[in-house]
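The structure under discussion appears below in the form of structure tokens.
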Amino acid sequence: MVRRDGEESKIEPVASIGDISTVTGMPSTEEISSLEAGLALHIPYRVFEILLSRDADLYQRISRTLITELAAQMQAANEAIGGVSDRRADLEQRLQVARDELSDMRMLASMRGDIE
């Protein structure tokens with residue numbers, strides 16, 4: 001299992017985890033745990049860089065994988081932003097309704113002489 005940003009997902013055998021952070025140098029936000037015995041291989045950045053410089057095919061495959069992962073992350077972020085935007089629009093509409101109701105209540109109170 002891998003935990004990314006608080007969400008757990010199953011990883012398949014021979015999966016790469018943390019490759020984006022390896023390439024960018026940014027800290028990884030992933031945690032890995034296993035229900036069964038397994039093997040995890042950590043490749044330090046410098047070794048990874050040497051491997052990529054020596055094998056063009058490996059470089060190309062990893063680049064495609066990274067692009068796919070980044071595109072998926074961007075899509076998820078865009079969907080999250082869209083959800084926040086929709087929620088904001090809903091809240092703004094509800095706030096306007098509440099303001100209109102308050103205004104109506106004040107007008108009625110004023111007409112009755114309850115408010116100066």
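Taking the conditions exactly as written (loosely packed, with under 10 Cβ neighbours inside 10 Å and not polar (S, T, N, Q)), does residue 100 satisfy them or not? The answer is no for residue 100. Apart from one condition, residue 65 fits all of (1) within 30 Å of residue 10 (Cα to Cα); (2) over 21 Å from the mean Cα position of the chain (by Cα); the exception is (2).
Being among the charged types (D, E, K, R) and surrounded by 10 or more Cβ atoms within 10 Å (Cβ to Cβ) is true of residue 30.
Quick note: the coordinates plus some simple rules give every number you see, no bench work behind them. This one's a predicted model, so the numbers in the text were calculated from it and none came from an experiment. FYI the Cβ positions are ideal-geometry reconstructions off the backbone, even for glycines, and counts take in every protein chain you see.
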